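Working notes, structure below.
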Amino acid sequence: MHRNGRYGALIASLLVCAAAGAQSSGQQRAELAGRDLLGAKAPSLVVKTIDGDSIDLGSLYGKKAVYLKFWATWCVPCRQQMPHFEHTYANAGPDLAVIAVDVGFNDSVEAIRKYRKQLGIAMPIVFDGDGALGAAFNVRVTPQHIVIGRDGRILYVGHLADRRLDEALVAARTPHSNKDHDGSAAKGPILAAQHYGMGDTLPRTTVRTLAGQTFHFREQGLKDPTAFVFLSPWCESYLATSRPEVSASCRSARMQVSALSRNVGVRWLGVASGLWATPEDLQEYRKKYRIKIPLTLDESGNLFREFNVNNTPTIIVADAKGTLVHRIESDQLQTLPQAIQGQ
């Protein structure tokens, strides 16, 4: 074999192994996230599709099985699995409801409509802009499959479109599970999120940083403002192809924060999304980019929901008294130095 041919084959082999590793990791993460969900009653929520139709999940339990697929337009395996998803929807029949749920992270309804047109997607699509549905089903990866049996209980949680998913979809539709259905659906671990906007005072929240330190959102006697940098450790690398403008914004924010944190008196906290991220992933991110500011992993997504953040990077600034005074989105990063130094 020609030398270049051998190198080409080696590179191709490495790419295949990397893809297989990512799929395996995704399945493991989904299964871990679903460990406490299996067998539990599915939460009863009313969701609205991007076309304005309401779907009462609670009213479906006891009557038909429900298949929720959490996905995103920037997600490569989501696109790869879309033919399987469409086939499932097309052959669902009257005893299975199939619903696509965009996780609402670094995405928009406009992007979803464009994506739907390109791929010819037919099933109902829900945009989980506030993350409530993802929180109720403990979503940690994309795609994440949730299969709910006709008894209203969660039967399967996974990442791959494989035999296990197909078997779960068949098992979920079996009528005999209805004998366990008591006519009610669990509300699930859903708490109404307290939202904080400009002019509000920071909550008395305390988090543990990656270094094991305690970080209090509100502290007495502060002389400097506090800046919360909402981020994703994979934004720069993973989105470089599918969302290059978002990737560039994440890189710009990281570099600006790195420079400002060396020269400006500010109390910083990087808040990392728990989607596709573990403490180990965050450690690698910190090491790779030599991040100096404290980092915390918002594994449950509570902080992202409380501050109404579904796009990274987003930077929220509170003055020394703990009052929220600035919110800086990705298209406003040029204003960050002025917002910080003006406090």
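Quick look at the values:
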{"quantity": "Charge tally in the Cβ shell below 12 Å around L68, where Lys, Arg are +1 and Asp, Glu are -1, L68 excluded", "calculated": "-1"}
{"quantity": "Value of Rg to Rh for region 206-341 (Rh from inverse mean 1/r over Cα pairs, i.e. Kirkwood)", "calculated": "0.93"}
{"quantity": "Sequence-distant residues sharing a close amide H with L231 (under 5 Å, placed H)", "calculated": "V271, A272, S273"}
{"quantity": "Acute angle (nearest 10 degrees) that the helix 109-119 long axis makes with the longest principal axis of the chain, alpha-carbon atoms", "calculated": "40"}
{"quantity": "222 nm mean residue ellipticity, helices alone, for the chain (DSSP H n ≥ 4; -39,500 (n - 2.57); rounded to 500)", "calculated": "-11500 deg cm²/dmol"}
{"quantity": "Nonlocal amide H pairs with H326, under 5 Å, H built at 1.01 Å", "calculated": "V317"}
{"quantity": "Listed residues Q80, W268, V101: farthest to the positive end of the dipole of the chain (Cβ charges)", "calculated": "W268"}
{"quantity": "For region 54-69, Karplus couplings with θ = phi - 60° (6.51, -1.76, 1.60), whole Hz, Gly/Pro x", "calculated": "9, 10, 8, 4, x, 6, 7, 4, x, 10, 8, 6, 10, 10, 9, 10"}
{"quantity": "Interchain or long-range residues, amide H under 5 Å from V139's placed H", "calculated": "none"}
{"quantity": "Folded to 0 to 90 degrees: helix 3-34 orientation relative to the chain principal axis, Cα", "calculated": "80"}
{"quantity": "For the chain, share of DSSP beta bridges that run antiparallel, in % to the nearest 5", "calculated": "55"}
{"quantity": "Between 0 and 90°, nearest 10: helix 279-289 axis offset from the chain longest Cα axis", "calculated": "40"}
{"quantity": "For D53, D102, D224, order by how many other beta-carbon atoms lie within 10 Å, fewest first", "calculated": "D53, D224, D102"}
{"quantity": "Restraint check, K48/K114; K41/K64; K41/K69; K223/K292; K288/K321, Cα-Cα greater than 25 Å", "calculated": "K288/K321"}
{"quantity": "Hull shadow area, averaged, the chain [alpha-carbon convex hull, nm²]", "calculated": "20.3"}
{"quantity": "Gap separating the Cα centres of region 203-234 and region 23-60, nearest whole Å", "calculated": "30"}
{"quantity": "Relative contact order, percent, region 24-180 [alpha-carbon distance under 8 Å, six or more residues apart]", "calculated": "34"}
{"quantity": "Relative contact order [Cα under 8 Å, 6+ residues apart], the chain, whole percent", "calculated": "18"}
{"quantity": "Within the chain, longest stretch free of exposed trypsin sites (Lys or Arg not before Pro) [DSSP loop, at most 16 other beta carbons within 10 Å]", "calculated": "64-186"}
{"quantity": "Footprinting exposure proxy for F127, F304 (fewest neighbouring C-beta atoms within 10 Å first)", "calculated": "F127, F304"}
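Bear in mind that the values in this text are calculations on the coordinates, not laboratory data. No experiment lies behind these values; they were computed from the predicted model shown. Virtual Cβ from ideal backbone geometry, glycine too; neighbours counted across all protein chains shown.
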